[in-house]
Amino acid sequence: MNVVAPSSVEVLLSSKGDGIVEVRLNRPDKLNALTDDMYAVLTDLFGRLHEDASVRAVILTGEGRGFCSGSDIGGMLKTSGPASRFRLQRRHAAIRAIYGCEKPVIAAVRGPVAGIGFSVAMACDFIVASNTAYFQQAFRNIALIPDGGSIFFLGQRLGIGRAKDLVMSARKLTAAEANDWGLVSRLVADSDLERTSLELAEDLARAPTYMLGLSKKMFAAACAPSLETVLEIESYAASVARSSADHKEGVTAFREKRKPNFTGE
């Protein structure tokens, strides 16, 4: 493996065998909520994995009891207007880097897979889920539109009807339901998550990597509109949502651990 490990202690890189690398989100005390620095590391790292011929398969997982609870909510009310849009575009860069990596990428998930963490998992080619996993589009709770390409990924994986169900209700989708809906590739006992993910990665690492990469590009080309188009529209729509009174109320209520009182404004 020729990829240089990232300097951030919140995103760890390790070798798991011949041609297999693991990228681990390492912020377990915050359920691996993503910070701006973590997005930057993921963008750089997956760009390097894409270019490294010695890498044949990638496992993306989270430390502790959850895969990823979304973005760190701490900075949500600190930016607005163009600055908010640019911040979202930096997050988009990480999603594009994962989605565009021409190596098979496996998300190994347990516990919460929520917010943009849900998008991160769907940007991968395979989702191997522990029976403890649950999936949630929680954006309604803070009066934001789904970000990270969620609308694109949900539409491709589930169809519009089920995608609307998750986005508009903000309900939790259990691992069993996600398996029934075809969202996850493998559903396993929590104790088997690492082993099953590694076995899948080993099988993919023995495949002709270049052929898999070309297949990924063909799947991406078959999607209309493209991820890039959806992300561009999302960046504008999110800027409008972030300027709303309801968003401010949603974030404040989350911090105060109470139910928000939305007014529709």
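The values are calculated or read from the model by the stated rules, or taken from the named source; none is laboratory data. Just so it is clear, the structure is predicted and the values come from calculations on it, not from any experiment. Reconstructed Cβ throughout: ideal geometry from the backbone, glycine too, with neighbour counts over all protein chains shown.
Pairing each residue of the stretch 203-214 that is within 8 Å of Arg56 (Cα to Cα) with any residue that is among the acidic types (Asp, Glu) and not in a helix (DSSP H, G or I), provided the two are 6+ apart or on different chains, yields C-beta distances under 7 Å for Ala205/Asp18.
Kindly indicate whether any position in the stretch 52-68 is under 26 Å from Ser235 (Cα atoms) and touching a residue at least 60 places away in the same chain (Cβ under 8 Å). Yes, the conditions are met somewhere in the stretch 52-68. Assessment of the stretch 175-188 against the conditions (in contact with a His (Cβ under 8 Å, 6 or more places away or on another chain) and assigned to a helix (DSSP H, G or I)) yields no matching residue.
The set of residues from the stretch 125-162 being part of a helix (DSSP H, G or I), aliphatic (A, V, I, L, M) and in contact with a helix residue (DSSP H, G or I) (Cβ under 7 Å, 6 or more places away or on another chain) comprises Ile142, Ile151, Leu154.
Within the stretch 31-47, being in a loop (DSSP other than H, G, I, E, B), among the polar types (S, T, N, Q) and either free of Cβ contacts under 8 Å to residues at least 40 places away in the same chain or at negative phi (or both) holds for one residue alone: Thr35. Checked against (1) polar (S, T, N, Q); (2) surrounded by 16 or more Cβ atoms within 10 Å (Cβ to Cβ); (3) under 29 Å from Pro104 (Cα atoms), Ser239 passes all but a single condition, namely (3). For the stretch 91-108, taking the residues that are part of a helix (DSSP H, G or I) and of a type in the set (A, V, I, L, M, F, W, C), the one that is farthest from Gly19 (Cα to Cα) is identified as Ala93. If only residues of the stretch 214-265 that are among the charged types (D, E, K, R) and within 16 Å of Arg85 (Cβ to Cβ) are counted, the one that is farthest from the chain's Cα centre (by Cα) is Arg242.
Okay, residues lined up against (1) within 20 Å of Ala170 (Cα to Cα); (2) surrounded by fewer than 22 Cβ atoms within 10 Å (Cβ to Cβ); (3) modelled with pLDDT of 95 or more:
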position: Gly66; (1), (2), (3): yes, no, yes
position: Ile73; (1), (2), (3): yes, yes, no
position: Ala93; (1), (2), (3): no, yes, yes
position: Arg110; (1), (2), (3): yes, no, yes
position: Val128; (1), (2), (3): no, no, yes
position: Phe139; (1), (2), (3): yes, no, no
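All conditions but one from (1) in a loop (DSSP other than H, G, I, E, B); (2) surrounded by 18 or more Cβ atoms within 10 Å (Cβ to Cβ); (3) among the hydroxyl-bearing types (Ser, Thr, Tyr) apply to Thr196; the one that does not is (1). So is Arg24 closer than 21 Å to Pro112 by Cα and surrounded by fewer than 22 Cβ atoms within 10 Å (Cβ to Cβ) or not? Judged against the criteria, Arg24 is a match.
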